[in-house]
Amino acid sequence: MRIDIPYRQRKAVAQLIDPDKVDDKSLALTAEHAIRAKVDFLLAGGSLTSAPVNILIEKLKRMTDIPVILFPGNLIQLTAEADAVFLLSLISGRNPELLIGNHVIAAPFLKNVRESVIPVGYILVDCGGRTSVEYMSQTSPVPRDKYDIAVATALAGEMLGMKAIYLEAGSGASLPVDTKMIEAVRAEITIPLITGGGLNTPEKIEGAFAAGADMIVVGNGCEKNAQLITDACTVRDKYNLRTPGI
C-alpha cells in the first residue's frame, strides 16, 4: 500500500497507539472510535515501548481498514507488518545514532519494503517539562520561541530529502507546538508538515490546522478522553469541506 501524507489541499488526523498502553478490550474500543471518526492513519509505537509492536499492528489491521504506520521509538520496534514506516531522523538533536546510526542498522531490514518507507525529519520542540522523547534521545529540544531555528532545521531536513517534517512537542507535553512556529515552518517548506504532542482539546487542534499543519497526531489525549479523536476529525472535516473536491 502506498501512503501519501496530505499536503496543503487536505488535512489529516493520525492516532498514535502505544502497545504498552492498551489491552485487547481498550484496543477494540480505540479501533471502534477510530473507525467511527474516520481517522486517516493509525501510528503504532512509542519512545518507551517494550510490548511487541508487530502484534499490535496485526490486531489493528484485523480490526480496521485504516492504514497503519510504524512509528518506531527504537530498533527493537522494527517490523514489516505495517502499511508504511516513518523512518524518523531526529534532526533537531545532535545524537549521531538518531541522525544516521540506527538507520544504517535498520536499512538492511527495511530494504525489501523500501517503497513503504517515509523518511521524516523529526524536530523536538520544548513545550513545557522534560518529555520522554527528550530523556530517551539525550538531546535538547528547540526552544519554544526560537522560530528561526525550527525553520532552518526544517529546511535542512527538506534539502536532505525528507518527505515530511514532524514538529513534536513530546508525549504528554503540557503545551502543543506554538502556532507561530508552525506558521513559520509552513511558510518555508514545500513538503507535508505534521505536528503532535499537547493537542488535547479541539481548540488546540484547530489552532494547529489553522497555522498550517497538514496532519496532526493525537495520542495521550485520547487515552484520557475517548471523545478527543472524534473532535479532532470533526475539526479536520471542517477544513476539508472548504476545499472543492475534497
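The values are calculated or read from the model by the stated rules, or taken from the named source; none is laboratory data. Please read these numbers as outputs of a predicted model, since none were measured by experiment. In this analysis, Cβ positions are derived from the backbone assuming ideal geometry, glycine residues included, and neighbour counts consider all displayed protein chains.
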### Task
Working only within the stretch 124-141, note down all residues that are farther than 18 Å from Leu75 by Cβ and among the polar types (S, T, N, Q).
Thr131, Ser140
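Okay, residues lined up against (1) farther than 24 Å from Lys204 by Cβ; (2) free of Cβ contacts under 8 Å to residues at least 24 places away in the same chain; (3) touching a Gly at 6+ places or on another chain (Cβ under 7 Å); (4) of a type in the set (Val, Ile, Thr):
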site	(1), (2), (3), (4)
Cys127	no, no, yes, no
Tyr147	no, no, no, no
Leu155	yes, no, no, no
Lys163	yes, no, no, no
Ala169	no, no, yes, no
Ala173	no, no, yes, no
Pro176	no, no, yes, no
Thr179	no, no, yes, yes
Ala187	no, no, no, no
### Query
Before we move on, is Ile216 of a type in the set (A, V, I, L, M, F, W, C), touching a helix residue (DSSP H, G or I) at 6+ places or on another chain (Cβ under 9 Å), within 24 Å of Ile3 (Cα to Cα) and free of Cβ contacts under 8 Å to residues at least 40 places away in the same chain?
no
### Task
Please enumerate the residues belonging to the stretch 137-192 that are at pLDDT 95 or above, of a type in the set (Ser, Thr, Tyr) and over 13 Å from Asp126 (Cβ atoms).
Thr153, Tyr166, Thr179, Thr190
### Summary
Filtering the stretch 146-198 for residues that are on the phi > 0 side of the Ramachandran plot and more than 14 Å from the chain's Cα centre (by Cα) leaves a count of 1
## Note on the structure
Selection from the stretch 204-227 of residues part of a loop (DSSP other than H, G, I, E, B), surrounded by 20 or more Cβ atoms within 10 Å (Cβ to Cβ) and modelled with pLDDT under 95 yields Gly219
### Summary
Counting only residues in the stretch 23-65 that are of a type in the set (Val, Ile, Thr) and either surrounded by 19 or more Cβ atoms within 10 Å (Cβ to Cβ) or more than 21 Å from Asn225 (Cα to Cα) (or both), the one farthest from the chain's Cα centre (by Cα) is identified as Ile55
### Task
Look at the stretch 13-22 and say how many of its residues are surrounded by 13 or more Cβ atoms within 10 Å (Cβ to Cβ) and free of Cβ contacts under 8 Å to residues at least 60 places away in the same chain.
2
#### Entry: Matching residues in the stretch 49-94 - criterion: being modelled with pLDDT under 95, of a type in the set (S, T, N, Q) and out of contact with any Asp or Glu (no Cβ under 7 Å at 6 or more places or on another chain)
Asn74, Gln77, Thr79
### Task
Quick one: Leu75 ticks every box in (1) surrounded by fewer than 19 Cβ atoms within 10 Å (Cβ to Cβ); (2) closer than 20 Å to Ala164 by Cα; (3) of a type in the set (A, V, I, L, M) except a single one, so which number is it?
(2)
### Task
Looking at (1) under 26 Å from Ile17 (Cβ atoms); (2) surrounded by fewer than 22 Cβ atoms within 10 Å (Cβ to Cβ); (3) out of contact with any Pro (no Cβ under 6 Å at 6 or more places or on another chain), find the lone condition where Gly121 falls short.
(2)
### Query
Does Val85 fit the bill of being among the β-branched types (Val, Ile, Thr) and under 28 Å from Thr153 (Cβ atoms)?
yes
